[in-house]
Amino acid sequence: MFYVRCMELEDNRMFTHLDAQNQPRMVDVSGKNITIRSATAQAQIQLPRRLQEYIKGNEIVLEKGAVFQTAIIAGTMAVKKTQELIPFCHQIPIESCRFEINIDDNFLVTINCRVKTSAKTGVEMEALCGVTIAALTIYDMCKSVSSDMIIRESRLLTKTGGKTTRLERPLYGLILTGGLSKRMGQDKALLDYHGQPCALYLYKLMQSYCEQVYLSARPDQWLSTPLEGLPILPDQVTSVGPISGLLTAFQTHPDVNWLVIACDLMQVQAHTIEYLLADYQENTIATCYRNHEQGFPEPLCAIYTPKAQAVFAEAYQAGIYCPVKILQNQSCTLVKPRNPNELMNVNTPEDYARIGN
C-alpha cells in the first residue's frame, strides 16, 4: 500500500522497483554498458577509554583475537554477500576490495572500504555494507570489555563509473592547449580527430565526468577558431609550459579536484579516464598513470587534488617548471596503463600520421 500511495502522489510516475502492476521487480540493467566502477564508503565507531590497555599500535588485541583484522575479514565477506542482504541488489563481480582502519588519540575508529568492479551497475551498496559490518564486528569483539560504544554515520565518500561521478570534492576538467606546437607546425588543439578539433573531442569526453571543463590557453589564443566558444582559462602566470596552465587552474578554483589532459593525447578514451577515477586517492598530490617505459608519473593525464597547488607554486618560484620532476618527489597514486598507446603524445606530423583518423 505504501508503494501504491506513493505512485498516486507522484502522478503515476513509474518506480524502478515496481512494474506496471505494482509488483516488486529487480531493475533491468541488460541494456547498460559494462564500465569500470568504484565506490568508497566510511563508517566510524567511538570506543571507550577502557579499551586503551588493549591497543597495540594501530590494532586492538583481545582474547578473541586481533579486532581490526577480524573486522576486515568480516567486512570483505559482507561486500561479497551484499546481493543476499539487500532486496533486488544485483550480483556483481568484486574485482578489488580494500579496507583501511585507523584509531586516533580520542579512540575514534575510522573504517574506509574501497570496492572496484567492471559491471553494468555500481558498487556503492557493497562498500557501505562492508564498512557497516566491519563496524558491527568491532562492536561485537569489544563488548566483552565495555558496551559503551557508539557506531556513527556510515556514508558514501566516492563513486565513479555510470552516469555520475562523486568524489570528496567537485571534479573540474582542464585541457592543456597553450603550447606553441613548434614540432607539429600547426596548432595541435585544432588537428582533426574523428571529424572535429581534437581539443573539442577531449572537451566533450571530459564533460561526462566533470562539473566544468576549461581549455588552458594563452590570452586570446583561440579567437576566431572553432574553439572560441569553449570556456577558457588564460594563463595568469608567465607561460613556461604546462605548469602555467596548471597553476592558473589551481589558483582559480583551489578547492576542487582537477582532471588534466594535454591536447596532444588524442587517443584518450572514456575508459582511460575511468581507470584513473577508479584508483583515485584523495590523500595524495595526484592520481596519474605510470610511464610504461621509465616508470615516472605521467603529469598530463592525471587527477590533481588541492594539495598540488602549494607544491607546484613552490616549484615555480624555485624555477622548476617540469611537472614530471615535481611529481617524482611527491606522494602520487600511480596507475598502470592498460593500453600505453592511449597516452602517446602526438607532437609531430609523423606521430599524427601514425594514429590515423
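Given the structure, is A39 in contact (Cβ under 8 Å) with a residue 40 or more places away in the chain, surrounded by 18 or more Cβ atoms within 10 Å (Cβ to Cβ) and in a strand (DSSP E or B)? So A39 passes the test.
Summed over segment 291-324, the residues that are part of a loop (DSSP other than H, G, I, E, B) and under 17 Å from the mean Cα position of the chain (by Cα) give a count of 3. The C-beta contact set for segment 207-220 (first residue closer than 27 Å to T158 by Cα, second residue modelled with pLDDT of 90 or more and among the aromatic types (F, W, Y), distance under 6 angstrom, 6+ apart or interchain) comprises C210/Y172; Q212/Y172; V213/Y203.
Of the listed requirements (1) over 17 Å from E59 (Cα atoms); (2) crowded, with 18+ Cβ neighbours inside 10 Å; (3) modelled with pLDDT of 95 or more; (4) in contact with a strand residue (DSSP E or B) (Cβ under 7 Å, 6 or more places away or on another chain), T82 misses just one: (4).
Among the residues of segment 194-221, those identified as part of a loop (DSSP other than H, G, I, E, B) and either charged (D, E, K, R) or out of contact with any Gly (no Cβ under 9 Å at 6 or more places or on another chain) (or both) are H194, G195, Q196, S208, E211, R218, P219, D220.
Within the set Q317, Q328, the sole residue that is under 26 Å from Q269 (Cα atoms) and free of Cβ contacts under 8 Å to residues at least 60 places away in the same chain turns out to be Q328.
Residue check: is T158 part of a strand (DSSP E or B) and of a type in the set (S, T, Y)? So T158 passes the test.
Could you tell me which residue of segment 106-132 is farthest from K32 (Cα to Cα), considering only residues that are of a type in the set (V, I, T) and surrounded by 23 or more Cβ atoms within 10 Å (Cβ to Cβ)?
Looking at residues that are of a type in the set (V, I, T) and surrounded by 23 or more Cβ atoms within 10 Å (Cβ to Cβ), I get V109.
Mind checking whether some residue in segment 106-124 is outside any strand (DSSP E or B) and either more than 30 Å from G162 (Cα to Cα) or without any contact (Cβ under 8 Å) to a residue 40 or more places away in the chain (or both)? Yes, segment 106-124 contains a residue that is outside any strand (DSSP E or B) and either more than 30 Å from G162 (Cα to Cα) or without any contact (Cβ under 8 Å) to a residue 40 or more places away in the chain (or both). The residue that is surrounded by the fewest Cβ atoms within 10 Å (Cβ to Cβ), counting only those in segment 215-231 that are in contact with a Leu (Cβ under 8 Å, 6 or more places away or on another chain) and not β-branched (V, I, T), is P231. Among the residues making up segment 3-36, a single one is assigned to a loop (DSSP other than H, G, I, E, B) and at pLDDT 85 or above: I34.
Candidates are the residues of segment 296-328 that are closer than 18 Å to I273 by Cβ and of a type outside the set (A, V, I, L, M); the one that is surrounded by the most Cβ atoms within 10 Å (Cβ to Cβ) is Y304. Checked against (1) β-branched (V, I, T); (2) in a strand (DSSP E or B); (3) under 30 Å from E211 (Cα atoms), V131 passes all but condition (2).
Every residue, every condition in (1) among the β-branched types (V, I, T); (2) at pLDDT 95 or above, yes or no:
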| position | (1), (2) |
| --- | --- |
| A286 | no, yes |
| N291 | no, no |
| T305 | yes, yes |
| A308 | no, yes |
| L327 | no, yes |
| N341 | no, no |
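Residues checked against (1) assigned by TED's automatic domain parsing to the domain that holds L200; (2) farther than 25 Å from I232 by Cβ; (3) among the basic types (K, R); (4) in contact with a strand residue (DSSP E or B) (Cβ under 7 Å, 6 or more places away or on another chain):
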| residue | (1), (2), (3), (4) |
| --- | --- |
| P254 | yes, no, no, no |
| L259 | yes, no, no, yes |
| Q294 | yes, yes, no, no |
| A313 | yes, no, no, no |
| L334 | yes, yes, no, yes |
| P337 | yes, yes, no, yes |
| L343 | yes, no, no, yes |
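Residue pairs whose Cβ atoms lie under 6 Å apart, sitting 6 or more positions apart in sequence or on different chains, and linking a residue in segment 77-104 that is in contact (Cβ under 8 Å) with a residue 12 or more places away in the chain to a partner that is in a loop (DSSP other than H, G, I, E, B) and exposed (fewer than 14 other Cβ atoms within 10 Å of the Cβ), are F88/H17; F88/M26. Residues in segment 215-237 that are out of contact with any helix residue (DSSP H, G or I) (no Cβ under 7 Å at 6 or more places or on another chain) and either within 17 Å of A302 (Cβ to Cβ) or hydroxyl-bearing (S, T, Y) (or both): S224 alone.
All conditions in (1) buried (at least 20 other Cβ atoms within 10 Å of the Cβ); (2) under 28 Å from the mean Cα position of the chain (by Cα) hold for Q212, with the sole exception of (1).
The values are calculated or read from the model by the stated rules, or taken from the named source; none is laboratory data. Note that the structure is predicted; figures quoted are calculated from it, not measured. Quick reminder, even Gly has a Cβ in these numbers, built from the backbone with ideal geometry, and neighbours come from all protein chains shown.
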